[in-house]
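So the structure is just underneath, and the comments pick up after that.
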């Protein structure tokens, strides 16, 4: 999945939705320095994930062992801790993130509300 595809899909989701296992903090991917990775993050909103993804377009990141890499709309995206290899963010992984049951429900009047 490219960075632009990721952004386009996040724009379709409700911005206030809390994602139990999402991402934040873009950085150069350890496996391919010219590709982009995001740090995993629990309980992050779609709006926060979208802001981080959009902030990476046109931005220069330092590669793990040197070099500077500009990320653009066609840059491939990964889910990985800084300095580690991870897994590529594809349509299935992103849909799982966006549709994973959310345990952050509140109880009001005996009913669970999302």
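The values are calculated or read from the model by the stated rules, or taken from the named source; none is laboratory data. The structure displayed is predicted, hence computed values, not measured ones. Please note: Cβ atoms are built from the backbone with ideal geometry, for glycine as well, and neighbour counts cover all protein chains shown.
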- Task: Output the residues belonging to region 2-32 that are within 9 Å of the chain's Cα centre (by Cα) and at pLDDT below 95.
- Result: none
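For residues that are under 20 Å from residue 9 (Cβ atoms) and surrounded by fewer than 12 Cβ atoms within 10 Å (Cβ to Cβ), scanning just region 97-114, find the one that is modelled with the highest pLDDT.
The first filter runs over region 97-114 and keeps only residues under 20 Å from residue 9 (Cβ atoms), leaving 97-102.
Keeping just the survivors that are surrounded by fewer than 12 Cβ atoms within 10 Å (Cβ to Cβ) gives 99, 101.
Numbers: 99: 94, 101: 86.
So the residue we want is 99.
Among the listed residues 48, 35, identify the single one that is under 13 Å from the mean Cα position of the chain (by Cα) and surrounded by 14 or more Cβ atoms within 10 Å (Cβ to Cβ). I'd like the intermediate steps shown before the answer.
Values: 35 fails: under 13 Å from the mean Cα position of the chain (by Cα).
Answer to the selection: 48.
What are the residues in region 6-36 that are more than 11 Å from residue 48 (Cα to Cα), touching a residue at least 12 places away in the same chain (Cβ under 8 Å) and not in a loop (DSSP other than H, G, I, E, B), if any? If you could, list the steps in order and put the result at the bottom.
Looking only at region 6-36, we keep the residues that are more than 11 Å from residue 48 (Cα to Cα), and these are 6-9, 11-14, 20-21, 26-36.
Next, only the ones that are touching a residue at least 12 places away in the same chain (Cβ under 8 Å) stay: 6-7, 9, 11, 13-14, 20-21, 26-36.
Those that are more than 11 Å from residue 48 (Cα to Cα), touching a residue at least 12 places away in the same chain (Cβ under 8 Å) and not in a loop (DSSP other than H, G, I, E, B): 6, 7, 9, 11, 20, 21, 26, 27, 28, 36.
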- Task: Scan region 51-63 for residues that are more than 21 Å from residue 83 (Cβ to Cβ), without any contact (Cβ under 8 Å) to a residue 12 or more places away in the chain and loosely packed, with under 12 Cβ neighbours inside 10 Å and jot them down.
- Result: none
- Query: Within the set of pairs 6+ apart or on separate chains, which have a first residue in region 64-80 that is over 22 Å from residue 90 (Cα atoms), a second that is modelled with pLDDT of 95 or more and outside any loop (DSSP other than H, G, I, E, B), and C-beta atoms under 7 Å apart?
  - Reply: 64/28; 68/60; 68/62
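Evaluate the following for residue 74: is it in contact with a strand residue (DSSP E or B) (Cβ under 6 Å, 6 or more places away or on another chain), over 16 Å from residue 8 (Cα atoms), outside any helix (DSSP H, G or I) and at pLDDT 95 or above?
Numbers: in contact with a strand residue (DSSP E or B) (Cβ under 6 Å, 6 or more places away or on another chain): yes; over 16 Å from residue 8 (Cα atoms): no; outside any helix (DSSP H, G or I): yes; at pLDDT 95 or above: yes.
Judged against the criteria, residue 74 is not a match.
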